[in-house]
Amino acid sequence: MPGVTPSQTVGPFFHDALLAEDQTRLVDEEYPGAIRLHGTVYDGAGEPVPDAMVEIWQADSRGRYPHSDAPLKASEDSESFTGFGRSGTDWEGRFGFVTVKPGRVPGPKGTDQAPHVLMTVFARGLLKRVVTRIYFPDEEASNAADPVLLTVQEDLRYTLVAEPGAGGLRFDVRLQDGPGGEPETVFFSV
Amino acid sequence: MSRKVDEIHGVEAPADTGDAPHPPYSYPGYESTRLRAPKRTLTIAPRTLSELTGPVYGHERIGALDNDLTRQYAGEPLGERIIVTGRVLDGDGRPVRDGLIELWQANAAGRYTHAGDRHPAPLDPNFSGAGRCVTDSEGRYRFVTVKPGAYPWGNHPNAWRPAHIHFSLFGRSFRSRLVTQMYFPGDPLFHQDPIFNSIPDERGRERLISSFDLGITEPEWALGYNFDIVLEGRDATPMEDH
């Protein structure tokens, strides 16, 4: 595409500009059905990445996006629900959000997608962002039929499914294969 | 444009893939890509409503002076006062209206107001280095700030970043999300900067260099630079099926 402005790294010093306000809560923690979605970003040595920024974009619990070309529909989850979240990583490479599980969103050719959250990661050393998807562990049947997940190499699909745990749903991002054989997270071309 | 840093590091210039001007993930001249650049081929999935929509983000949070980095404190920051303005367009040439632009930069001495910046250049108590604004109905934005200084970094011997301003933008969809950097014309440090030179296509590199514009300059006040930004197009119209 001629003319598009090239991407450059976010660098290590974006915090005061991009993280000045807390955008990690898409809904109130007291909201019924609120979930904590958290994880760690790791590099190829298995070390946490402390200077990354993670953003998410998701539909509300009914599967609706408050997107820019459609009238903003009041969400069932919150009148202020924008579907967007942003979190820095801390010194241990950890990020976290409070949000809702999205509903099903239309896919290509009349299909329905499994509930999913889009995630993008920026960091020093990433000349352009990486993009991935988070799927939900309690959606085995809809995950198995998801038109996007089906494009992913079968033995790597599990890297896109969050793990349930006491602290909420955990989703780790591995920018490269880890030293213990942990596979690189699947990243998408968008 | 010379590619001396590549020669220094024995790095082959990346192939111009032709599909996009973006740099590759892995660029050995930029040391920090070594453990962070993904190595597997990206998965090409169908674009769905998820990728073709994007956040309507931030408008109501913007203050009247958020785009003037010289008026955030009681005193004025030191340095060469500049105006940076331009238009934000999408890949189809349409203006991106009401789009949030966030910006961050080093001060005139080449130091960021950030705990992680150890460069022994002075901090400026009157400069945060952070600003934001929303594009108008023609996609236009405008910042008043000071020209950032060059600063050293540990990437290779005697490495200095060319003066630059970081920009973060949202377009019409999740696809068009962009973080980039604006450079200044005629900078003598371009040839040895692997971040700038990671962009394979010379025309792509040139799109990151602002142009000095006497028409933007304000007499007796500030020099003017133009920097237009083109985001990815959406390539499809999202439909709400229900």
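Taken together, the values in this text are just the output of simple stated rules run on the coordinates, not laboratory data. In this text, all values refer to a predicted model and were calculated from it rather than measured experimentally. Don't worry about glycine lacking a Cβ; one is built from the backbone with ideal geometry, like all the others, and counts go over all protein chains shown.
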I'd like the Karplus ³J(HN,Hα) series for region A:119-133: coefficients 6.51, -1.76, 1.60, θ = phi - 60°, whole numbers in Hz, and an x wherever there's a Gly or Pro.
10, 10, 10, 10, 6, 3, x, 9, 5, 9, 5, 10, 10, 9, 10
Chain A shape via C-alpha gyration tensor axes, a/c threshold 1.5:
rounded
A:Val152 neighbourhood, Cβ < 14 Å, K/R = +1, D/E = -1, net charge -1
Using the Karplus equation 6.51 cos²θ - 1.76 cosθ + 1.60 (θ = phi - 60°), what ³J(HN,Hα) coupling, rounded to whole Hz, does each residue of region A:51-60 give in order, writing x for Gly and Pro?
10, 10, 10, 10, 10, 10, 9, 8, 7, 7
What FRET efficiency do you get for B:Leu65 and A:Glu140 if R0 is 41 Å and r is their Cβ-Cβ distance, rounded to the nearest 0.05?
0.20
With r as the distance between the Cβ atoms of B:Arg142 and B:Asp98 and R0 = 25 Å, compute the FRET efficiency 1/(1 + (r/R0)^6) and round to 0.05.
0.95
If each part is reduced to its alpha-carbon centroid, region A:13-36 and region A:85-161 end up apart, in Å, by 18 Å
Springs between alpha-carbon atoms under 10 Å, Gaussian network over chain B: tell me which of B:Thr48, B:Thr180, B:Thr135 tops the mean-square fluctuations.
B:Thr48
What does the charge dipole of chain B about its Cα centre add up to, to the nearest 20 debye, if the Cβ of each Lys and Arg holds +1 and the Cβ of each Asp and Glu holds -1?
560 debye
Could you calculate the FRET efficiency of B:Glu220 with B:Trp160 from 1/(1 + (r/R0)^6), where r is the beta carbon distance between them and R0 is 35 Å, rounded to 0.05?
0.65
From fewest to most C-beta neighbours within 10 Å, the residues A:Glu30, A:Glu184, A:Glu47, B:Glu51 line up as A:Glu30, A:Glu47, A:Glu184, B:Glu51
Please say if chain B is rounded, prolate or oblate, where rounded means a/c under 1.5 for a ≥ b ≥ c the square roots of the C-alpha gyration tensor eigenvalues, and otherwise the choice is prolate for a/b larger than b/c and oblate otherwise?
oblate
